[in-house]
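The block underneath contains the structure these notes are about, expressed in structure tokens.
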Amino acid sequence: DGRLTFYPGNQTVDLPFINLMKRHGTVFLNAYTNSPICCPSRAAMWSGLFTHLTESWNNFKGLDPDYVTWMDLMEQHGYHTQKYGKLDYTSGHHSVSNRVEAWTREVEFLLRQEGRPMVNLTGDRKQVRVKAADWQNTDKAVNWIKEEAVNFTQPFVLYLGLNLPHPYPSPYAGENFGASTFLTSPYWLEKVIYEAIKIPKWSSLSEMHPVDYYSSYTKNCTGEFTKQEVRNIRAFYYAMCAETDAMLGEIISALRGTGLLNKTVVIFTADHGELAMEHRQFYKMSMYEGSSHVPLLVMGPGVTSQQVPQVVSLVDIYPTMLDLARIPVPQNLSGYSLIPLLRGKAENIVSPRAAGPRPPWVLSEFHGCNVNSSTYMLRAGRWKYIAYSDGRSVLPQLFDLSEDPDELTNVATKFPVIVHSLDKTLRSVVNYPKVSSSVQRYNKEQFISWKQSLGQNYSDVIANLRWHRDWLKAPKKYEKAIEKWL
């Protein structure tokens, strides 16, 4: 959650290395994901293109494996490149459940697709390394800096993809349930200031926007939760963020120890945030701030120590990396180089390689599971506008983030002129009714071909996906709902 990198969010947990980056570099106060889910978000970051252009519709469908990323271009221009950890931007990953839930999201049924969010404490006060796989990848990156990078005569680019602070799988709910366990050790939990944790306000279920209700239900969050449960989920999430910060610290320390820190640009960001029980949801897949607002901190030579209020998004990483490396930036990108902002220049000063002035808005969109409609978000100034589907069948939402930072009051009917203006801007960027209908068509085609590939096994396989607990109560009813949709 990007709001943890600046006040007041950063009062809840100690993040010493993020704070170090903030003191010595630039923190972006309004950085957003272009799609609040793992694979489509990374596809936007690696390609510099909006989700509707890459057609990375869900966690199964990302970029083609041979897509030319900014790192490929840097390698072609003489950079030593290295990647460790979670990449997850090409097609074909994630579970069968993940795909089928995305493809069938417009079927007329409501099924819980996630385990109920919960917490789990492991180890003791001495246990620093909870997420072993991430620590192993961090160690590999550290060793690479100390043993390889330090000897290079050419410049290098290193990418480290961490899984934390992603919730862990929930084995109690059966192997097919998703990741709904917030897990940490007492060592990290002690870094969290419990008194500073804000318990989010919830609307009643009957007042929720229909898309939010669907999300809350499929994420298994419509039941009763005590304040203590909500506080714990948030505290454990913050503790997981503190462990992530320590991995960032290992990289910064390795660069410092090898004398490379002063001549290396360090960028810290994320694919999406975590709602951690805001709006009666956990996970991501939402345009609310907890899910769509990402951290973006940059430090290094030529980077000003400052807080930047302009809206930016992950598609800006591609042109920024090329700009840093003095490689010509392709003209067809959705993003804009951050270099002018990082150097503390006025917004209207365009870097010589940039493709015109940066627009005053950012776009995020979502087409995957746990949400029963394609969703489009435009953030511009104080406003956040969220449109759905064809723009008519589902009512839009409008939030005034200056008056209502917790996004509790949809003011779309109160400000029709603002809605009209933002919708016009949105349509000038993406023909969203057309994109929504092509996603609907894609979902149906994919589902049909998957169903045919299973033959006789179809009924058994579909009954035992992540929604098995609800599905097995009335399998014929749910199969009929799918037939009706098809």
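The values are calculated or read from the model by the stated rules, or taken from the named source; none is laboratory data. Small disclaimer: the values here were computed from a predicted structure and weren't measured. In this analysis, Cβ positions are derived from the backbone assuming ideal geometry, glycine residues included, and neighbour counts consider all displayed protein chains. When the accessible area is computed, the model is the full protein with side chains, heavy atoms only, and any ligands, DNA or RNA have been set aside. Shrake-Rupley method; radii C 1.70, N 1.55, O 1.52, S 1.80 Å.
Key figures
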item: Percent of beta bridges antiparallel (DSSP, the chain, rounded to nearest 5); result: 60 percent
item: Residue-count net charge about Asn59 - beta-carbon cut-off 13 Å; Lys, Arg +1, Asp, Glu -1; result: +4
item: Calculated log₁₀ intensity ratio I(q)/I(0) where the Debye formula runs over C-alpha points of the chain, q = 0.08 Å⁻¹; result: -0.47
item: Unit charges at the beta carbon, dipole of the stretch 1-157: most positive-side option, His93, Thr5, Val68; result: Thr5
item: Listed peptides 314-327, 286-299 by packing density, highest first (mean Cβ within 10 Å); result: 286-299, 314-327
item: CD proxy at 222 nm, helix term only [per DSSP H run n ≥ 4: -39500 (n - 2.57); per residue of the chain; nearest 500]; result: -10500 deg cm²/dmol
item: For His80, distant residues with modelled amide H under 5 Å away; result: Phe156, Val157
item: Surface share of carbon and sulfur [accessible, 1.4 angstrom probe, percent] for the chain; result: 51 percent
item: C-alpha long axis of helix 475-485 to longest principal axis of the chain, angle in °; result: 80 degrees
item: Helix 416-429 axis, angle to the chain major axis (alpha carbon atoms, nearest 10°); result: 70 degrees
item: HN-Hα J in Hz across the stretch 359-369 - Karplus 6.51, -1.76, 1.60, θ = phi - 60°, x for Gly and Pro; result: x, x, 9, 10, 10, 10, 9, 9, 9, x, 6
item: Neighbourhood charge, 13 Å Cβ-Cβ cut-off, centred on Gly78 and excluding it, Lys, Arg +1 and Asp, Glu -1; result: -1
item: Placed amide H near Tyr32: partners under 5 Å, 5+ positions off or other chain; result: Val294, Val312, Ser313, Leu314
item: Sequence-distant residues sharing a close amide H with Val308 (under 5 Å, placed H); result: Val27, Phe28, Leu29
item: Point-charge dipole on Cβ atoms (K/R +1, D/E -1) for the stretch 2-360, about Cα centre, debye to 20; result: 780 debye
item: Debye, to nearest 20: dipole size of the stretch 12-108, +1 on Lys, Arg Cβ, -1 on Asp, Glu Cβ; result: 380 debye
item: Span from the the stretch 76-116 Cα centroid across to the the stretch 132-196 one, whole angstrom; result: 18 Å
item: Average accessible area per residue (Å²) across the chain - probe 1.4 Å, nucleic acids and ligands excluded; result: 42 Å²
item: Furthest towards positive pole of dipole, Leu363, Val150, Phe447, structure part the chain, Cβ charges; result: Leu363
item: Å³ per residue enclosed by the Cα convex hull of the stretch 1-132; result: 202 Å³
item: Net charge contributed by nearby residues that have their C-beta within less than 14 Å of Pro200 (K/R +1, D/E -1); result: -2
